[in-house]
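Beneath this line is the structure, given in structure tokens, with notes to follow.
The values are calculated or read from the model by the stated rules, or taken from the named source; none is laboratory data. Every value quoted in this text rests on a predicted model; they were computed, and no experiment measured them. Counting neighbours? That spans all protein chains shown, and the Cβs are built from the backbone with ideal geometry, glycine included. For accessibility, only protein heavy atoms count, side chains too; no ligands or nucleic acids. Shrake-Rupley method; radii C 1.70, N 1.55, O 1.52, S 1.80 Å.
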Amino acid sequence: MTSVAIVTGASSGIGAATARRLAAEGFHVLAAARRTDRLAALVAEIEAAGGAASAVACDVTSDESVAGLAAAAEAAPGPVTLLVNNAGGARGLDPVETADVGDWQWMYDVNVLGTLRVTKALLPALERSGAGTIVIVSSTAGHVVYEGGGGYTAAKHAQTAVAGTLRLELCGRPVRVIEIDPGMVKTEEFGLVRFGGDADRAEAVYAGVAEPLVADDVADCVAWCATRPHHVNIDRLVVRPLAQAAQHKVHRES
């Protein structure tokens with residue numbers, strides 16, 4: 001039977017690219033996100049390319065909505081072998097001194113509790129498959145802090161802790177846990193969400209960087225990790241563009 005992959009945050013960016021790539025790898029993809037119009041377009045694109053996909057409306061901050069995703073997984077046309085926890089994001093770049101508590105709460109709910117909700121809901125199906133894989137798309141911000149990034153780095157550090165803890169707790173069961181931590185990735189929405197729709201501020205992040213990563217680069221990493229033989233667990237994959245030697249060291253052309 002066709003294996004089923006579930007991708008959260010699939011309406012744009014890394015999530016959409018991952019859904020396309022996994023469909024090309026032969027998975028039936030359940031593309032999950034809040035924006036159903038975008039999901040419908042994505043599914044149509046995948047099917048036109050010869051792949052198989054279904055759209056599932058899902059808000060990872062809602063227990064009820066995530067329960068609906070689990071129900072869709074139960075009705076899927078094959079065993080659920082792969083979950084890609086991709087939904088996430090950043091809001092604001094304020095120092096801790098003037099931080100917006102609401103922004104921090106949103107980042108924690110989407111990045112950390114969203115991963116928790118979806119993983120809890122899908123774990124029974126993943127284990128039942130006998131060869132389950134959980135991919136958590138976190139960030140290099142889960143390892144290094146920077147000024148103005150307190151809320152986002154705190155959430156991503158927590159997400160990294162969830163991945164490590166889950167791997168320990170599932171040891172001996174047929175579910176592997178993979179953490180993928182991208183550095184600088186240029187997508188159409190990440191910066192816009194972070195800066196409240198300010199396109200100039202969003203674009204300035206990548207100023208002078210000739211080749212930042214793009215969504216397809218991260219999707220390629222997800223697909224490679226997920227398609228290794230099941231006894232091979234890529235615990236953590238850190239991926240940055242060549243121009244970014246570290247979180248604080250980026251080559252920018254004048």
**Report entry** Residue count, segment 24-41 (criterion: part of a helix (DSSP H, G or I), open to solvent by 10 Å² or more (accessible area, probe 1.4 Å) and touching a residue at least 24 places away in the same chain (Cβ under 8 Å))
**Finding:** 2
**Report entry** Criterion (among the hydrophobic types (A, V, I, L, M, F, W, C), modelled with pLDDT under 95 and either under 27 Å from Glu64 (Cα atoms) or part of a strand (DSSP E or B) (or both)) met by exactly one of Val112, Val177, Val193
**Finding:** Val193
Query raised in the report: Picking from Val4, Val66, Val56, which residue would you name as being in contact with a Lys or Arg (Cβ under 9 Å, 6 or more places away or on another chain), open to solvent by less than 20 Å² (accessible area, probe 1.4 Å) and modelled with pLDDT of 95 or more?
Result: Val66
Query raised in the report: Here are some conditions: (1) outside any loop (DSSP other than H, G, I, E, B); (2) hydrophobic (A, V, I, L, M, F, W, C); (3) open to solvent by 40 Å² or more (accessible area, probe 1.4 Å). Ala158 meets all but one. Which one does it not meet?
Result: (3)
Report task. Check whether at least one residue in segment 136-143 is of a type in the set (A, V, I, L, M, F, W, C), crowded, with 19+ Cβ neighbours inside 10 Å, closer than 23 Å to Gly183 by Cβ and in contact (Cβ under 8 Å) with a residue 60 or more places away in the chain, and report yes or no. Result -> yes
Query raised in the report: What residue, of Glu169, Glu189, Glu179, is within 20 Å of Thr133 (Cα to Cα) and touching a Ser or Thr at 6+ places or on another chain (Cβ under 7 Å)?
Result: Glu179
Query raised in the report: Are any residues in segment 161-179 out of contact with any helix residue (DSSP H, G or I) (no Cβ under 7 Å at 6 or more places or on another chain), without any contact (Cβ under 8 Å) to a residue 60 or more places away in the chain and either over 21 Å from Asp109 (Cβ atoms) or open to solvent by 30 Å² or more (accessible area, probe 1.4 Å) (or both), and if so, which ones?
Result: Ala161, Thr165, Leu168, Glu169, Leu170, Cys171, Gly172, Arg176
